[in-house]
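Enquirer: This is the structure, below, for whatever I ask next.
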Amino acid sequence: MEPFQLVELAQANKLPQDGSADVIPAIQEAIQSITRLASMAPLVEALAAGQKPTALSPVIAALNATGARLAPQMSPAQTSAWRDGVLMSLRNYTVRAARIAAQKAQAEPFKYGLGSVDARLHELAQEVMDIDRAALLRLRAFGRAIRRAQEQKALPAPEERDMTVEEIAATPDAYVQLGRKLGYISDEDYQAAMALRAETDQEKTL
């Protein structure tokens, strides 16, 4: 399974219940792909300094389209000022969250015009951030579950042996009787254990 597929499954909460050890590297890459998501902040600062970060291009294009649709009377300078203000507002999100939010916003009516765009973009971006955080937690839990399963498989099988007379003598009567009923304790061992217990109790009274 490829890392991007694991990310998509984790985002949709559809990761399998178990997996083999060879999936671990893909899980680690999937986790890194989320934790390495670029922040908007340095890119917005670069844009303000006159640079043109290519990672912002889809966000800028979507915002320009929304601005042109809602306020076609704005001049290019006004559109740029509005757009740059929105980008600055979104600087604490990842580029992925901002891009998805801006693209989704293109299809929204915004009956109150440009003034309602910013708040809605924050809602949409936060939804993406929440999905990514949840996916990250699920991927980490998935990896831990696989490791635990592999460790348990590597453990030696517990040794099967009969209880010793000393162990039977020290066991509460209810469990001793259950052991006899299930055939785990023979009559011979039971009699010997009871004799040992009686002898031990007598020594305690001396």
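The values are calculated or read from the model by the stated rules, or taken from the named source; none is laboratory data. Remember, it's a predicted structure, so these values are computed and weren't measured experimentally. Cβ atoms come from the backbone with ideal geometry, glycine included; neighbour counts cover every protein chain shown. Keep in mind that these areas ignore ligands, DNA and RNA; they rest on the heavy atoms of the full protein, side chains included. Shrake-Rupley method; radii C 1.70, N 1.55, O 1.52, S 1.80 Å.
Enquirer: What spacing in nm lies between the two simple spin-label points modelled at residue 4 and residue 92, each 7 Å away from Cα in the Cβ direction?
Expert: 3.1
Enquirer: With unit charges on the beta carbon (Lys/Arg positive, Asp/Glu negative), name the residue among 145, 10, 192 whose Cα is farthest towards the positive pole of the charge dipole of the chain.
Expert: Result: 10, furthest along the dipole toward the positive end.
Enquirer: Note down the magnitude of the dipole of the range 1-83 about its Cα centre, charges +1 on Lys and Arg C-beta and -1 on Asp and Glu C-beta and zero elsewhere, to the nearest 20 debye.
Expert: About 560 debye.
Enquirer: For the chain, with all protein chains present and a 1.4 Å probe, just round the carbon and sulfur fraction of the accessible area to a whole percent.
Expert: 54
Enquirer: Report the normalised scattering of the range 1-156 as log10 I(q)/I(0) at q = 0.10, 0.11, 0.12, 0.15 Å⁻¹, calculated by the Debye formula with identical scatterers on the alpha carbons.
Expert: The calculated log intensity ratios at q = 0.10, 0.11, 0.12, 0.15 Å⁻¹ are -0.47, -0.54, -0.61, -0.81.
Enquirer: Using alpha carbons only, how many degrees (0 to 90, rounded to 10) separate the axis of helix 57-70 from the longest principal axis of the chain?
Expert: Once rounded, one gets 60 degrees.
Enquirer: May I ask for the percentage of alpha-carbon pairs in the range 1-83 that lie more than 18 Å from each other?
Expert: 60
Enquirer: Now for a different question. Please find, in a Gaussian network model of the chain (springs between Cα atoms separated by less than 10 Å), the residue of 94, 164, 66 whose mean-square fluctuation is greatest.
Expert: 164
Enquirer: Run the dipole for the chain about the Cα centre, Lys and Arg Cβ at +1, Asp and Glu Cβ at -1, nothing else charged, and hand back the magnitude in debye, nearest 20.
Expert: Using only the charged Cβ atoms, the result is roughly 1940 debye.
Enquirer: Which value, in Å², gives the accessible area per residue of the chain when a 1.4 Å probe is used on the protein heavy atoms?
Expert: Here the per-residue accessible area is 64 Å².
Enquirer: Then there is this: Give the cross-link partners of residue 153 among the lysines, using a straight C-alpha distance below 26 Å as the criterion and excluding same-chain residues fewer than 8 apart.
Expert: Partners within reach: 14.
Enquirer: Would you list which lysines come within 30 Å of residue 52, measuring only between C-alpha atoms, while excluding same-chain residues fewer than 8 positions from it?
Expert: Candidates past the 8-residue exclusion: 104.
Enquirer: Follow-up. Picking from 85, 164, 100, whose Cα lies most toward the positive end of the charge dipole for the chain (charges on Cβ: Lys, Arg +1; Asp, Glu -1)?
Expert: Result: 85.
Enquirer: Output ³J(HN,Hα) for the range 174-182: one whole-Hz value per residue in order, computed from phi by the Karplus curve 6.51 cos²θ - 1.76 cosθ + 1.60 with θ = phi - 60°, and x for Gly and Pro.
Expert: Taking θ as phi minus 60°, the curve returns 4, 6, 5, 5, 5, x, 5, 5, 7 Hz for the range 174-182.
Enquirer: To continue, here is another question. Longest segment of the chain with no GluC sites (Glu not before Pro) in a DSSP loop having at most 13 other Cβ atoms within 10 Å?
Expert: Excluding the exposed sites themselves, the longest stretch runs over 1-158.
Enquirer: Further question on the same structure: Please list, in order along the range 8-15, the HN-Hα scalar couplings obtained from phi with the Karplus expression 6.51 cos²θ - 1.76 cosθ + 1.60 (θ = phi - 60°), rounded to whole Hz, x for Gly and Pro.
Expert: My calculation for the range 8-15 gives 5, 5, 5, 5, 8, 6, 10, 5 Hz in order.
Enquirer: Could you derive backbone 3J(HN,Hα) for the range 38-52 from the dihedral phi with the Karplus parameters 6.51, -1.76 and 1.60 (θ = phi - 60°), listing whole Hz in sequence and x where the residue is Gly or Pro?
Expert: Each residue of the range 38-52 in turn: 5, 7, 6, 3, x, 6, 5, 5, 5, 5, 5, 7, x, 7, 10 Hz.
Enquirer: Label-point separation (nm) for residue 150 and residue 28, each offset 7 Å from Cα along Cα-to-Cβ?
Expert: In this crude spin-label approximation the distance works out to 0.9 nm.
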